[in-house]
Each structure stands twice: as structure tokens, then as C-alpha cells.
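The values are calculated or read from the model by the stated rules, or taken from the named source; none is laboratory data. The shown structure was predicted, so the numbers you read here are calculated from the model rather than taken from an experiment. Every residue, glycine as well, gets a Cβ built from its backbone with ideal geometry; the counts of neighbours run over all protein chains shown. Remember, those area values only see protein heavy atoms, side chains included, never the ligands or the DNA or RNA. Shrake-Rupley method; radii C 1.70, N 1.55, O 1.52, S 1.80 Å.
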Amino acid sequence: MQKVFLGGSRQVRALNEMIRKRLDGVISGDLFVFVGDANGADKAIQTYLADRQYRNVLVFCSGKDCRNNIGCWETRQINSDRAEKDFQFYTAKDTVMSEEAGYGLMLWDGKSKGTLNNILNLLEQGKPVAVYFSPQKAFHDLQSRDDLKPLLRQCPPALLRGFEKKLTCPDD
């Protein structure tokens with residue numbers, strides 16, 4: 001069974017028709033879904049899948065407790081050696097999802113460094129990513145880091161500098 005990593009920005013809380021159609025494709029393709037437990041996109045995706053009684057879902061959580069598991073699906077806790085619940089603490093689970101999934105579907109607001117990190121991780125592993133870029137209200141199918149550059153050009157320069165410091169991502 002093919003595995004897809006679904007995720008996105010915490011600021012993306014609602015799923016428009018375009019996004020719902022892509023999720024319907026995941027459901028009709030009977031794909032196995034990896035999703036995180038954060039508020040925002042993760043929770044919205046979980047709610048949509050639960051409303052459709054979709055069962056092929058595994059919720060990944062950082063540490064001992066899941067923040068959200070709307071469909072009461074099986075969970076997988078990923079432990080981090082970080083005591084503080086910071087960026088690295090939560091990206092540990094994202095790294096595992098990107099390693100184990102065949103491809104990704106990300107809902108990105110153009111600001112979230114966590115979602116950008118997930119996109120980059122998948123691309124660096126040679127895995128395609130469908131990115132819903134909310135500033136354009138459009139999907140972009142990415143196969144490589146070069147495919148990401150046009151989206152990065154849409155981000156404010158100050159934000160790009162912050163991404164570079166945290167993620168060492170491309171700057172043009």
C-alpha cells in the first residue's frame with residue numbers, strides 16, 4: 001500500500017474545495033496516510049478524514065501525548081532527546097514520516113518553517129510533493145528543490161533569510 005505524508009502549516013485551518021479534492025484522491029486511491037497531531041492543517045486534515053470514516057491513517061506524535069487524534073486512529077510516538085518542546089522536538093516525527101512515506105501533500109502558507117522543512121526533506125529524498133501554496137490558492141507538484149524556487153520567490157525577503165538560517169534552503 002502506498003504511503004503519503006499529509007501535513008501543513010498551523011495557520012492553514014480550513015480546507016477549500018481544491019484541497020478536499022486532493023484528499024478525496026488519497027481516499028479513493030486507498031493510500032495509507034501519515035499525519036501529525038498539530039493544530040492547523042494536521043487537525044483539519046484529520047477532521048476531514050474522520051468525517052469520511054477513512055481508516056488507513058497513522059497519527060504521528062512527538063513525545064508521550066498526542067495533541068490531536070480526531071479519528072481515534074492508531075498512533076506512533078516518536079521520542080526526541082530534546083527536553084524542550086521546540087522546533088527540533090516536533091520535527092523528529094516529521095523526519096520519520098518523510099522517510100517512510102513515498103510522497104507528500106503539504107498545505108503551506110509560505111511562512112511556516114516546519115512545513116518548508118518537510119517539503120525539503122521529501123524532495124531531498126527524491127520523493128514528489130504536492131504543495132498547496134495558500135498565498136496563490138494553487139497546487140504545485142514538485143519533484144526537486146529547483147521546483148521549489150518559484151514558491152520561495154513569493155516569500156518576503158526577511159522570511160527567506162530566516163529560512164536560510166534555520167534550514168539552509170535555496171535563496172533565489
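At-a-glance table
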item	result
Near pairs, Cβ below 7 angstrom, 6+ apart or cross-chain, from segment 1-18 (assigned to a loop (DSSP other than H, G, I, E, B)) to any residue that is open to solvent by 20 Å² or more (accessible area, probe 1.4 Å) and of a type in the set (S, T, N, Q)	Ser9/Ser112; Arg10/Asn39; Arg10/Ser112; Gln11/Ser112; Val12/Ser134
Positions within segment 105-120 being open to solvent by 30 Å² or more (accessible area, probe 1.4 Å) and not in a loop (DSSP other than H, G, I, E, B), in sequence order	Lys113
Single match in Lys21, Lys43 (criterion: more than 21 Å from Ser98 (Cα to Cα), open to solvent by 10 Å² or more (accessible area, probe 1.4 Å) and not in a loop (DSSP other than H, G, I, E, B))	Lys21
Any hit, segment 97-104, residues being open to solvent by 40 Å² or more (accessible area, probe 1.4 Å), farther than 29 Å from Pro156 by Cβ, touching a Phe, Trp or Tyr at 6+ places or on another chain (Cβ under 8 Å) and not in a loop (DSSP other than H, G, I, E, B)	yes
Residue list for segment 67-96, filter: at pLDDT 85 or above, in a helix (DSSP H, G or I) and open to solvent by 30 Å² or more (accessible area, probe 1.4 Å)	Thr95
Answer residue from segment 121-164, given it is of a type in the set (S, T, N, Q) and in contact (Cβ under 8 Å) with a residue 24 or more places away in the chain and is most open to solvent (accessible area, probe 1.4 Å) among those	Gln154
